[in-house]
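Below is one structure; the comments refer to it alone.
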Protein chains: 2
Amino acid sequence: MALVVIGGVAAGLSAAARARRVDARLEIVVLEKGPAISYAACGLPYFVEGRVREIGDLIRYTPEYFRKERNIEVRTGARVVAISHPRREVVLESGAKVGYEKLVIATGARGGGAALAGAQLPHVFTLYTLDDAERMRRFLGERRPKSAVVVGAGYIGVEVADALRRNGLRVTILERSAHALLRDDAALTAAVREQLEQHGVELRTGVTVTAIEPDGVAGVECDMVVVAAGFQPNVELAAAAGIEIGRTGAIRTDERMETNLRGVFAAGDCAEVTHLVSGRPTWIPLGTTANKAGRVAGACAAGARERFAGVVGTSIVGIFGMGFATTGFSAAEARAEGFSPVVARIEANSRPRYYQGVKTTVELVADRTTRRLVGGVVIGEDGAAGRINVVATALQARMRVEEFAQLDLAYSPPFAPVWDPILIAAQQLGKELG
Amino acid sequence: MALVVIGGVAAGLSAAARARRVDARLEIVVLEKGPAISYAACGLPYFVEGRVREIGDLIRYTPEYFRKERNIEVRTGARVVAISHPRREVVLESGAKVGYEKLVIATGARGGGAALAGAQLPHVFTLYTLDDAERMRRFLGERRPKSAVVVGAGYIGVEVADALRRNGLRVTILERSAHALLRDDAALTAAVREQLEQHGVELRTGVTVTAIEPDGVAGVECDMVVVAAGFQPNVELAAAAGIEIGRTGAIRTDERMETNLRGVFAAGDCAEVTHLVSGRPTWIPLGTTANKAGRVAGACAAGARERFAGVVGTSIVGIFGMGFATTGFSAAEARAEGFSPVVARIEANSRPRYYQGVKTTVELVADRTTRRLVGGVVIGEDGAAGRINVVATALQARMRVEEFAQLDLAYSPPFAPVWDPILIAAQQLGKELG
């Protein structure tokens, strides 16, 4: 039998590699529409910044690697234009057909930039592919732009704003919603704004961009524009084949990452997963989830019995050296999900003061009824990732505030204070809950 | 009614402060035998190193602070020599008596140095108090010793070895057992030894020290000796008063930190707590536990209903910039506790290679029967504390390897790779479990 995987980046390659481990003899074909596979899309802003010198440093595996080391056939430039499940075949742009017995759809997502009037102007960029990054870097070197507008204050938006600012540009971020980092969280947005402004980047929220002019966007003059908004899952291929799309707009799957079509799986930025705090399907396109869900899709497609439990929505982004880390729901989001949120927000040192501790902000959100944690934010230059990961683990374990407040965390002056900021926040939250 | 607290460092002051919050009118008296209260004992090696310039930086609160801000009476130089529970009073060295209705015993622990022949020689030190640290620092400045022997490879032993080496001394650590950091773990000991040796410190295990000579210890010549071994709980006062001592040698308590004598509580380095992985009493004298258990003791002594669930044995120590973090049990310890341990040990990058990731070693231990995690080790210069804390949280939540392997951890190149080292270790452990 043959397993065909549509998409050769995170979820697709995780699925293919895992399927190979489950079944050493399975025929596996990966079809990637672009020219490269297995690249670190999350590293693109750091290539733009200049910290990553060679674009090749962002490529982890080549098609040759997969062919030789894993016995997986990877075809680049192979765009699938149709799936015919009754015939168990996919149709390529070239007209060629590839038969499958099992199919994994890992078609990813795309930015909404192309839909904007003026999107084709030569000073307008997106940042999703290696080509995008090389083109932007070339533009910076050759045209020496002095100012940029970034459309969208999500992760890519703020990362590219940081990268451009470090290249000396004046940068303005225009965000349609009232909040940054895709989280309905006024305090987080205020903290992001403050950090951006301290480093010379302006964040304007509530600004809808409908067109890009040759000399500016929404009244802000600039020499270049990066569109980092309107991200949406690539589901058209799946939908046309009769695959069910969930309410989030992404492909619906069960815990085995199987769609409503038997033998057809989906994973990565095109697919929904379960949010473990709400228990509902969610669409949070991140590389970590793509890899994990891709593994499960590949294992199940190859005949193993595995399940992907879901996510709690953890992420972190660095803005001029400061980590902004979030997990679960903000208070506003928790309320919208039907919880009765109670919030504690504290500031404390990342280490003892006598060992150069720096300010760390922690916000924890619990549900008043169950006293369970439902979300958290950690902001700081030292240890934000480790701290949010503890909160994420607690969410996954459905921990109550009282248990969380007594966590036995590592303490030593070079690493943390005797009362870690997240425990101080938990104590405060316990008081708020009464 | 009056609450008397014996001991004015971590557990004692946590108890007193928490009792005050529970009951604003309670009379609270803290009796501290030494000249100072509320000092950061864990910061002493960094004062010896020279990083902490003023010994006063290690003092957090003064007796005046507690008197004025918390309405708590703190007496220093007040050594309790007897507890008479039938009379509800403690007797001070001066002969004075202090009556109590509720009592919290937070008498801490002491090093075994004094018992060694030669311990009173002027070049022999311990490092438990502010006085100890000042005396050592003065000796370093005035006598310019060229070499040191540290007796004991526990946390204080390796920290003081690091501090002395940074002061230019040749340092040899002599450890009686076969292992470092108080953990029966050959791989961890090998890693500690390698790190020490790379920085010019020799670690000799299996060496029993019975006497200190004027010019050396156990055949190793040196100009100074630091005894950092033989740590034991101060339980004599409690035992003489009829308070039950547990099998670990520390004071036995229930979940409210109450001893077998009604109204008498114990917390901190003198008391046992429950190990949440084994379910058995354990004695792990650490500041974090002292503070948490002290809070519960104080709250319950003041009439609140709280419980201290226990610990999982998490700790971290920095050795020449490298974090050595552990939680739960090593494989050998797990076997001794009746588990059937399965181990996975991996090396991976702390961040993507293109973002300067550094080598991180992760070992996870699970129980074959239940597939639950029972312990872990993280060694690395970047993010060891955060990573061990995730493992510790999982232990506290009694997580199985499969759940752990799908944790939704924060990813972004400046902070972590897409597959965090601890998840890679969990995948490996899943394979080992089959």
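Mind listing just one residue for me: the one in region B:280-318 that is more than 10 Å from chain A (Cβ to nearest Cβ) and in a strand (DSSP E or B) and, of those, most open to solvent (accessible area, probe 1.4 Å)? It would help to see each step written out before you state the result.
Looking only at region B:280-318, we keep the residues that are more than 10 Å from chain A (Cβ to nearest Cβ), and these are B:280-283, B:285, B:294, B:297-305.
Add one more test, that the residue is in a strand (DSSP E or B), and what stays is B:281-282.
On the way: B:Pro281: 74, B:Thr282: 24 Å².
My answer is B:Pro281.
When you go through (1) surrounded by fewer than 18 Cβ atoms within 10 Å (Cβ to Cβ); (2) farther than 30 Å from B:Ile105 by Cα one by one for B:Asp254, which number turns out not to apply?
All conditions pass for B:Asp254, except number (2).
Could you tell me which residue of region B:374-399 is nearest to the other protein chains (Cβ to nearest Cβ), considering only residues that are outside any strand (DSSP E or B) and of a type in the set (Gly, Ala, Ser)? Walk me through how you get there before you give the answer.
Looking only at region B:374-399, we keep the residues that are outside any strand (DSSP E or B), and these are B:381-399.
Still in the list and also of a type in the set (Gly, Ala, Ser): B:383-386, B:392, B:394, B:397.
Working: B:Gly383: 6, B:Ala384: 7, B:Ala385: 4, B:Gly386: 1, B:Ala392: 5, B:Ala394: 6, B:Ala397: 3 Å.
Among those residues, the one meeting the criterion is B:Gly386.
Give just the number: which of (1) more than 7 Å from chain A (Cβ to nearest Cβ); (2) surrounded by fewer than 23 Cβ atoms within 10 Å (Cβ to Cβ) does B:Tyr355 not satisfy?
(1)
Determine whether region B:400-418 contains at least one residue that is within 25 Å of B:Glu159 (Cβ to Cβ) and at pLDDT 95 or above.
Of the residues in region B:400-418, the ones within 25 Å of B:Glu159 (Cβ to Cβ) are none.
No; the residues of region B:400-418 include none that is within 25 Å of B:Glu159 (Cβ to Cβ) and at pLDDT 95 or above.
Can you list residue pairs whose Cβ atoms sit under 6 Å apart, with the first residue in region A:403-414 being hydroxyl-bearing (Ser, Thr, Tyr) and the second being in a helix (DSSP H, G or I) and open to solvent by less than 10 Å² (accessible area, probe 1.4 Å)? Count only pairs 6 or more apart in sequence or on different chains.
A:Tyr411/B:Thr288
Keeping to region A:4-30, report how many residues are in contact with a strand residue (DSSP E or B) (Cβ under 6 Å, 6 or more places away or on another chain), closer than 28 Å to A:Asp131 by Cβ and crowded, with 22+ Cβ neighbours inside 10 Å.
Of the residues in region A:4-30, 9 are in contact with a strand residue (DSSP E or B) (Cβ under 6 Å, 6 or more places away or on another chain), closer than 28 Å to A:Asp131 by Cβ and crowded, with 22+ Cβ neighbours inside 10 Å.
Working carefully through the options A:Arg75, A:Arg60, find the one that is under 29 Å from the mean Cα position of the chain (by Cα), within 14 Å of chain B (Cβ to nearest Cβ) and not aliphatic (A, V, I, L, M).
A:Arg60
Specify which of the listed residues (B:Val227, B:Val192, B:Val217) is touching a Gly at 6+ places or on another chain (Cβ under 6 Å), touching a residue at least 40 places away in the same chain (Cβ under 8 Å) and surrounded by 16 or more Cβ atoms within 10 Å (Cβ to Cβ). Break it down into steps so the answer makes sense when it comes.
Numbers: B:Val192 fails: touching a Gly at 6+ places or on another chain (Cβ under 6 Å); B:Val217 fails: touching a Gly at 6+ places or on another chain (Cβ under 6 Å).
Unique residue meeting the criteria: B:Val227.
Do we find that B:Thr326 is at the interface with chain A (Cβ under 9 Å from one of its Cβ atoms), open to solvent by less than 20 Å² (accessible area, probe 1.4 Å), in a strand (DSSP E or B) and touching a Gly at 6+ places or on another chain (Cβ under 9 Å) in this structure?
On the way: at the interface with chain A (Cβ under 9 Å from one of its Cβ atoms): yes; open to solvent by less than 20 Å² (accessible area, probe 1.4 Å): yes; in a strand (DSSP E or B): yes; touching a Gly at 6+ places or on another chain (Cβ under 9 Å): yes.
Criteria met by B:Thr326.
So A:Gly50 clears everything in (1) more than 14 Å from every other protein chain (Cβ to nearest Cβ); (2) on the phi > 0 side of the Ramachandran plot except one condition, right? Which one?
(1)
Right, B:Ile346: within 14 Å of chain A (Cβ to nearest Cβ), under 28 Å from B:Val418 (Cα atoms) and among the aliphatic types (A, V, I, L, M) or not? Let's see the steps before the verdict.
On the way: within 14 Å of chain A (Cβ to nearest Cβ): no; under 28 Å from B:Val418 (Cα atoms): yes; among the aliphatic types (A, V, I, L, M): yes.
Against the criterion (within 14 Å of chain A (Cβ to nearest Cβ), under 28 Å from B:Val418 (Cα atoms) and among the aliphatic types (A, V, I, L, M)), B:Ile346 does not qualify.
Please enumerate the residues belonging to region B:259-273 that are on the phi < 0 side of the Ramachandran plot and surrounded by fewer than 19 Cβ atoms within 10 Å (Cβ to Cβ).
Within region B:259-273, B:Asn260, B:Leu261, B:Arg262 qualify.
Six or more apart or on different chains, Cβ atoms under 6 Å: show the pairs whose first residue is in region A:126-138 and under 16 Å from A:Val9 (Cβ atoms) and modelled with pLDDT of 95 or more and whose second is aromatic (Phe, Trp, Tyr) and open to solvent by less than 50 Å² (accessible area, probe 1.4 Å).
Close Cβ pairs satisfying both conditions: A:Ala133/A:Phe47.
Whether any residue in region B:333-343 is open to solvent by 20 Å² or more (accessible area, probe 1.4 Å), assigned to a loop (DSSP other than H, G, I, E, B), among the hydrophobic types (A, V, I, L, M, F, W, C) and touching a residue at least 60 places away in the same chain (Cβ under 8 Å) is what I want to check. Break it down into steps so the answer makes sense when it comes.
Of region B:333-343, the ones open to solvent by 20 Å² or more (accessible area, probe 1.4 Å) are B:333, B:335-341, B:343.
Now narrow it down to the ones that are assigned to a loop (DSSP other than H, G, I, E, B): B:337-340.
Cutting the leftovers down to among the hydrophobic types (A, V, I, L, M, F, W, C) gives us B:339.
Still in the list and also touching a residue at least 60 places away in the same chain (Cβ under 8 Å): none.
No, region B:333-343 has no match at all.
Residues that are within 14 Å of chain B (Cβ to nearest Cβ) and either under 24 Å from A:Ala191 (Cα atoms) or in a loop (DSSP other than H, G, I, E, B) (or both): does region A:400-407 have at least one?
Residues of region A:400-407 within 14 Å of chain B (Cβ to nearest Cβ): A:400-407.
Filter again for either under 24 Å from A:Ala191 (Cα atoms) or in a loop (DSSP other than H, G, I, E, B) (or both), leaving A:406-407.
Among the residues of region A:400-407, at least one is within 14 Å of chain B (Cβ to nearest Cβ) and either under 24 Å from A:Ala191 (Cα atoms) or in a loop (DSSP other than H, G, I, E, B) (or both), which makes the answer yes.
Looking at region A:127-168, which of its residues are assigned to a loop (DSSP other than H, G, I, E, B) and aromatic (Phe, Trp, Tyr)? So that I can check it myself, show each step before the final result.
First pass over region A:127-168, keeping only residues assigned to a loop (DSSP other than H, G, I, E, B): A:127-129, A:144-146, A:152-154, A:167-168.
Selection gives A:Tyr128 alone.
The values are calculated or read from the model by the stated rules, or taken from the named source; none is laboratory data. All figures in this text were calculated on a predicted structure; none of them were measured in a lab. Cβ: placed from backbone, ideal geometry, glycine included. Neighbour counts: every protein chain shown. Only protein heavy atoms, including side chains, enter the accessible area calculation; ligands, DNA and RNA are left aside. Shrake-Rupley method; radii C 1.70, N 1.55, O 1.52, S 1.80 Å.
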